[in-house]
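A.B. asks: Have a look at the structure that comes next, please.
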Amino acid sequence: MLNTYKKYNKSAPSAVKAAAAAGQTGSVANVPLPYDEAYLSPVSIGGQTMNLNFDTGSSDLWVYSDLLPSTTTNGHDFYKVASGVEKQGYTWGITYGDGSGASGKVYADKVVVGGVTATSQAVEAATSVSKAFISDVHSDGLLGLAFSTINTVQPYPQTTFFDTVKSSLASPLFTSTLKKGSAGTYDFGYIDAAKYKGNITYIPVIQDNGFWEFNAGNYIVGRTKFTTNIGDSIADTGTTLLYLPARIVTNYYAQVKGATLNRSYGGWTFPCASTLPDLTINLGGTGFTVPGTYLNYSPITRQLCFGGLQPNTGIGFSIFGDIFLKSVFTVWDATDGKVRLGFAKQAGTLKK
């Protein structure tokens, strides 16, 4: 709006000047897939809208593009690379924890998320995607929100969307409000007090590995308190489940009738009729509770269900994925010298 006044050589009202000085803010909806497997948000790239999975566990903004065969892009909205400027000699390739991956070329283009604009953002246009992505007709790509140090572009890593716009935001942060079975939001540049209740508990982030990494404290299963700390963990909107050390997971399912570590299904399962206890995790001295109903992830058969809590065997750290994050309001604060995560109870009553 300020540019309009400048264009006609007029003095802008003080309210307009103040808003411009405060920096960008914006909000975008996130819509869950079935069983909250992922949450997708609309993103405008070069004027083209795609539905992307916002992933705080990776740092690449990549999309389906017209560089892919039409058999691959069928059913997807995809990026038409002619709208951007190719970064000659730049390539990218990423493989995720589940073995899926993609690779391709790099373009600079305008990216808008909920009204927040990056005028020249590195957009990674896919020339190849793995079978897992081809079979996923919902998502048109990912928008990474971890730290730019782990961006995969060669020869030089590129900044994430958040890092690109961070200095232009009213505050250098974003928040996530994920919800069980319904739409939530990602907000950029501000904290919406209407979306949480009580106080926000902040904990320091360890940036060494490029993730939103932190130390988690002890835990309570139902009413049984355990003194062991969970330890090294990351907060990851791009992971569906909650992965904790095997001994902790075993302690949890010991309180679930009929639960077993089921090799046939690659994780803990239990009779769907079983009642699951709540899981409370100590973060920064405050307990945050994941309702037992959230930990019943999905039915495998009519009688057998798969757990939303699984062991982190072979991963090396715990992953606080959507099972946890949809039970809290989360602040991702990248203030220089004080990078931190904030957790609070979501406003209202959690959906059971």
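A.B. asks: I'm trying to understand the selection: among the residues of region 37-77, which are in contact with an Asp or Glu (Cβ under 6 Å, 6 or more places away or on another chain) and either at pLDDT below 95 or not aliphatic (A, V, I, L, M) (or both)?
C.D. replies: Of everything in region 37-77, those that are in contact with an Asp or Glu (Cβ under 6 Å, 6 or more places away or on another chain) and either at pLDDT below 95 or not aliphatic (A, V, I, L, M) (or both) turn out to be Gly46, Asn51, Thr56, Gly57, Asp60, Trp62, Tyr64, His76, Asp77.
A.B. asks: Select from region 319-352 the residues that are among the polar types (S, T, N, Q), closer than 24 Å to Ile206 by Cβ and surrounded by 12 or more Cβ atoms within 10 Å (Cβ to Cβ) and write down the one among them that is farthest from the chain's Cα centre (by Cα). Steps first, answer last, please.
C.D. replies: Here is the first cut: in region 319-352, the ones among the polar types (S, T, N, Q) are 327, 330, 335, 346, 349.
Applying the additional criterion that residues be closer than 24 Å to Ile206 by Cβ yields 327, 330, 335.
Add one more test, that the residue is surrounded by 12 or more Cβ atoms within 10 Å (Cβ to Cβ), and what stays is 327, 330.
Values: Ser327: 14, Thr330: 11 Å.
Per the criteria, the residue is Ser327.
A.B. asks: If you check every pair at least six apart or on different chains, which have Cβ atoms under 6 Å apart with a residue in region 296-318 that is at negative phi and in contact (Cβ under 8 Å) with a residue 60 or more places away in the chain first and a residue that is surrounded by fewer than 16 Cβ atoms within 10 Å (Cβ to Cβ) and not in a strand (DSSP E or B) second?
C.D. replies: Ser298/Tyr35; Pro311/Ala246; Thr313/Ala246
A.B. asks: Please work out which one of (1) under 22 Å from Tyr96 (Cα atoms); (2) surrounded by 16 or more Cβ atoms within 10 Å (Cβ to Cβ); (3) of a type outside the set (D, E, K, R) is the condition Gly316 fails and give its number.
C.D. replies: Evaluating Gly316 over (1) under 22 Å from Tyr96 (Cα atoms); (2) surrounded by 16 or more Cβ atoms within 10 Å (Cβ to Cβ); (3) of a type outside the set (D, E, K, R) leaves (2) as the failure.
The values are calculated or read from the model by the stated rules, or taken from the named source; none is laboratory data. Keep in mind that what you see is a predicted model, and the values were worked out from it rather than measured. As a convention, Cβ positions derive from the backbone with ideal geometry for all residues, glycine included, and neighbour counts pool all protein chains shown.
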